[in-house]
1. Suppose the filter is modelled with pLDDT of 95 or more, more than 24 Å from B:GLY21 (Cα to Cα) and of a type outside the set (Ser, Thr, Tyr); does A:VAL137 pass it?
2. Counting just the residues of the range B:11-51 that are over 20 Å from A:VAL25 (Cα atoms) and among the hydroxyl-bearing types (Ser, Thr, Tyr), which one comes out surrounded by the fewest Cβ atoms within 10 Å (Cβ to Cβ)?
3. Any chance you could count how many residues in the range A:38-59 are in contact with a Gly (Cβ under 6 Å, 6 or more places away or on another chain) and closer than 23 Å to B:PHE59 by Cβ?
4. Go through (1) without any contact (Cβ under 8 Å) to a residue 60 or more places away in the chain; (2) farther than 27 Å from A:SER24 by Cα; (3) surrounded by fewer than 21 Cβ atoms within 10 Å (Cβ to Cβ) and name the single condition A:VAL91 misses.
5. Being closer than 14 Å to B:ALA109 by Cα, of a type outside the set (S, T, N, Q), facing another protein chain (nearest Cβ under 7 Å) and surrounded by 22 or more Cβ atoms within 10 Å (Cβ to Cβ) is the requirement here; does B:GLY8 meet it?
Amino acid sequence: MDTTSQFTPWSSLAGGTLIGLAASVLLIGSGRIAGISGIAADFAFGRDGHRLWRALFLLGLAVTGLGAARFAPGALGTSPRSLAGVAVAGVLVGMGTRLGGGCTSGHGVCGLSRLSARSLAATLTFMATGAATAAAVRWLGGVS
Amino acid sequence: MTRRTQQGLVALLSGSIFGAGLLISGMTEPRKVIAFLDFSGAWDPSLAFVMLGAIVVHFGAYRVIQGRAPLWGDAYALPTARRIDGQLVIGSAIFGVGWGLAGYCPGPAIVAFGSGSIQALIFVLALLLGMFGGGKLSARAVRS
């Protein structure tokens, strides 16, 4: 099955502005960076003991997923990988974001928005290896 | 209302808006993410528009906070690291591989987890494992 992914400039732009708004709410409201890998890691492995706001942020994310399952299930896609592949990917994402100090939200959105050279380097790097990996999977016959 | 409660509510709001943004933007569709990353294949540029929308909005927030304290926070908790070091690059590279493999990064995975997805559950558990490992590696690097 080969269904081409549709280019959706308007809904992607709209969703992106909401993401920007969300990060701005957290910054202006409580002075925090909406870097989700950092929020999750610090919630789970506690660096400064401020667990409540992190738990509530993550809960907010999860609840939208619950809502989507009920009201907009089409917005939830699946990964083409097997459960084993998803597990390997998860370990890589977890380890990589912890070492690299951020992910698409932390470096890509928040870091680039404040013109951080570190975040630019990080973003270009993960985009590059992401691209190489996606291409390699396709060449090796993986389902996309 | 205590500071902690205020910050908790801000975080809950931010997480909810963030999740809604991810769902509307298409980022909770791993195949769509992979189609963006795999630019040498049947490219779907949508993720670029997500980032554009987010950064344009969030860039403004950094202007807004100049000379102001957070509304309900004590101070800004902004990253202070400046050096583009090996750990940043290697970590980001590893993250990108995992992202390109499954099409999930932390935010969308948590939204999907909230929807009850078994794939997302596996990913999140693996994510935590990877983060734990990454934390150990990172601590060792700091010590030496």
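The values are calculated or read from the model by the stated rules, or taken from the named source; none is laboratory data. Since the structure is predicted, the reported quantities are computational estimates derived from the model, not experimental observations. Don't worry about glycine lacking a Cβ; one is built from the backbone with ideal geometry, like all the others, and counts go over all protein chains shown.
1. Values: modelled with pLDDT of 95 or more: yes; more than 24 Å from B:GLY21 (Cα to Cα): yes; of a type outside the set (Ser, Thr, Tyr): yes.
Yes.
2. Only one residue fits best here, namely B:SER40.
3. Qualifying residue count, the range A:38-59: 2.
4. Among (1) without any contact (Cβ under 8 Å) to a residue 60 or more places away in the chain; (2) farther than 27 Å from A:SER24 by Cα; (3) surrounded by fewer than 21 Cβ atoms within 10 Å (Cβ to Cβ), A:VAL91 violates only (3).
5. Spelling it out, it is not the case that B:GLY8 is closer than 14 Å to B:ALA109 by Cα, of a type outside the set (S, T, N, Q), facing another protein chain (nearest Cβ under 7 Å) and surrounded by 22 or more Cβ atoms within 10 Å (Cβ to Cβ).
Rundown of residues vs (1) of a type in the set (A, V, I, L, M, F, W, C); (2) facing another protein chain (nearest Cβ under 7 Å); (3) in a helix (DSSP H, G or I); (4) more than 17 Å from B:LEU128 (Cα to Cα), yes/no style:
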| residue | (1), (2), (3), (4) |
| --- | --- |
| A:TRP53 | yes, yes, yes, yes |
| A:LEU61 | yes, yes, yes, no |
| A:ARG70 | no, no, yes, yes |
| A:SER79 | no, yes, no, yes |
| A:GLY94 | no, yes, yes, no |
| A:ALA134 | yes, yes, yes, yes |
| A:ARG138 | no, yes, yes, yes |
